[in-house]
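Beneath this line is the structure, given in structure tokens, with notes to follow.
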Amino acid sequence: MPAQSPLHHRYADSDALLLPYGSAEHAVDVVGAFEEVGLEYAALRKSAVLFDQAHTATLIVRGADRRSFLNNMVTQKVIDLEPGHTRRAFWLSRKGRIDADLAIAARDDHLLIALDRHLVATTAQALSNYVFAEDCVFEDASASLHHLALHGPAALAILAAAASDPDLAELAPGRNAACTIAGTPVVADRRDLTGDPGLTITVPRDRAEAVYDALLAPPGGAGGAGGAGGGVPAPRPAGWFAINTARIEAGHPLFNVDFGPDNLPAESGVIQDRVDFRKGCYLGQEVVARMDARKARKQGVTPLRVTPPDADTDAPLPSAGNHVFSAADPEGNPVGVVTSSTVSPMLSAASIAFAMIKEPHTAPGTELIVRAEGTKAAAVVQKDARFWSR
């Protein structure tokens with residue numbers, strides 16, 4: 001059973017809103033918010049926030065053949081993945097459906113794979129079943145490693161200050177680096193989920209609290225996110241609600257939120273970042289290649305912007321699970337379903353959403369109807385999944 005965050009006792013003793021992630025039997029609590037969500041979101045956009053990423057965990061891959069073996073298994077080319085570099089990939093079933101969404105970070109003598117906490121054990125076992133004579137071993141590190149995340153314009157500066165390593169302020173997207181925080185060896189991985197610099201920091205589980213506190217008070221810090229003092233700003237602890245708003249604005253669909261194990265890569269909205277169409281064979285490749293060659297799919301994650309009913313009224317906000325209809329047949333069968341949504345502060349409180357929509361209705365500019373707050377509202381398919389960029 002997945003363990004709770006090593007900082008869970010702090011949240012349970014505070015006013016933090018905790019959200020169960022996963023099935024009722026194996027749920028892991030994730031902080032939704034510590035305080036007013038608007039304050040946490042403002043800190044993310046102006047400075048930085050620190051988020052306990054309790055819903056993800058780590059799979060470690062060791063052995064001389066780790067890259068070549070994994071290259072034959074996943075959708076991304078990793079045989080040439082050099083230490084300090086990270087690539088995103090899917091692990092697929094034989095039928096080409098997405099079993100797991102992976103962030104593969106290469107270190108000197110191993111690979112660190114970040115993925116959904118509930119999938120680490122099954123993914124490790126499934127991949128191990130394909131090992132024959134290769135020197136390749138998979139280790140579920142859920143019990144020994146934990147993930148924290150920094151998001152915001154000051155994220156890199158905070159990491160550099162906490163680690164006393166100015167070079168980390170220049171860590172580029174798709175790169176990872178080992179460093180020491182609070183006397184603890186950690187690995188920082190640059191992944192810009194929110195449209196601003198983002199870092200996932202892999203820490204020893206028994207030192208997670210010490211690293212968390214050190215990140216909250218970087219040397220020379222200004223004493224608070226956006227606070228005065230002229231030093232590196234301290235991040236504000238934040239929960240999922242603020243992160244979720246920012247990642248939707250930035251156009252990043254998520255596995256197990258906007259797409260899942262019933263979907264094919266072409267339906268995910270992130271296929272270009274996860275699949276290398278030039279590499280060799282991998283499990284499920286035939287399905288992926290055939291769909292790409294035919295440029296055909298049944299459905300796909302689609303960005304929607306809800307239209308206000310008039311100039312003086314805000315657009316209603318659809319919720320996950322709300323149905324979407326064709327504007328030409330608003331009383332007919334649904335053509336899709338909302339997967340996630342938010343009110344966007346960066347777009348003057350516009351209502352925006354991702355939805356899984358049938359292919360004939362996914363073209364940019366397509367007019368749709370979506371159920372929202374007990375009514376039916378007009379919505380338009382956006383040209384780009386990124387609703388906002390800095």
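Does the stretch 308-342 hold any residues that are crowded, with 17+ Cβ neighbours inside 10 Å and among the β-branched types (V, I, T), and which are they? Across the stretch 308-342, the qualifying residues are V324, V335, V337, V338, T339, T342. May I ask you to verify whether E139 is part of a strand (DSSP E or B) and surrounded by fewer than 19 Cβ atoms within 10 Å (Cβ to Cβ)? In short, yes.
In the stretch 117-127 there is no residue that is assigned to a loop (DSSP other than H, G, I, E, B) and farther than 16 Å from D273 by Cα. In the stretch 239-278, of all residues being of a type in the set (S, T, N, Q) and on the phi < 0 side of the Ramachandran plot, the one that is surrounded by the fewest Cβ atoms within 10 Å (Cβ to Cβ) corresponds to Q272. Restricting to the stretch 333-354, name every residue that is assigned to a strand (DSSP E or B) and among the aliphatic types (A, V, I, L, M). Correct list: V337, V338, V343, A350, I352, A353.
Tell me, please, whether a residue that is within 21 Å of the chain's Cα centre (by Cα), at pLDDT 95 or above, in a loop (DSSP other than H, G, I, E, B) and under 25 Å from C281 (Cα atoms) can be found in the stretch 55-76. Within the stretch 55-76, one or more residues are within 21 Å of the chain's Cα centre (by Cα), at pLDDT 95 or above, in a loop (DSSP other than H, G, I, E, B) and under 25 Å from C281 (Cα atoms).
All of V288, V337 fail the test of being in contact (Cβ under 8 Å) with a residue 24 or more places away in the chain and aliphatic (A, V, I, L, M), apart from V288. For the stretch 264-287, the tally of residues that are among the hydrophobic types (A, V, I, L, M, F, W, C) and more than 23 Å from P360 (Cα to Cα) stands at 4. Of everything in the stretch 80-96 that is in contact (Cβ under 8 Å) with a residue 40 or more places away in the chain and touching a helix residue (DSSP H, G or I) at 6+ places or on another chain (Cβ under 8 Å), the residue that is farthest from T202 (Cα to Cα) is K95. The residue that is surrounded by the most Cβ atoms within 10 Å (Cβ to Cβ), counting only those in the stretch 355-368 that are of a type outside the set (A, V, I, L, M) and in a strand (DSSP E or B), is K358. Among the residues of this structure, I352 counts as one that is surrounded by 21 or more Cβ atoms within 10 Å (Cβ to Cβ), closer than 28 Å to K46 by Cβ, under 22 Å from the mean Cα position of the chain (by Cα) and β-branched (V, I, T).
Scanning the stretch 9-55 for residues that are among the acidic types (D, E) and in contact with a helix residue (DSSP H, G or I) (Cβ under 9 Å, 6 or more places away or on another chain) yields D29, E40, D52. Taken over the stretch 273-307, the criterion of being among the acidic types (D, E) and in a loop (DSSP other than H, G, I, E, B) is satisfied by D276 alone. Buried (at least 16 other Cβ atoms within 10 Å of the Cβ) and in the same structural domain as N72 (by TED's automatic domain parsing), is that true of P303? For P303, the condition - buried (at least 16 other Cβ atoms within 10 Å of the Cβ) and in the same structural domain as N72 (by TED's automatic domain parsing) - is not met.
Scanning the stretch 229-279 for residues that are under 21 Å from G336 (Cβ atoms) and of a type in the set (F, W, Y), we see that the one that is nearest to the chain's Cα centre (by Cα) is F255. When you check V49 against the structure, is it hydrophobic (A, V, I, L, M, F, W, C), in contact with a His (Cβ under 9 Å, 6 or more places away or on another chain) and under 30 Å from A217 (Cβ atoms), yes or no? Judged against the criteria, V49 is a match.
The values are calculated or read from the model by the stated rules, or taken from the named source; none is laboratory data. Just so you know, these numbers come straight off a predicted model, no measurement behind them. Here the Cβ is made from the backbone with ideal geometry for all residues, glycine too, and neighbour counts use every protein chain on show.
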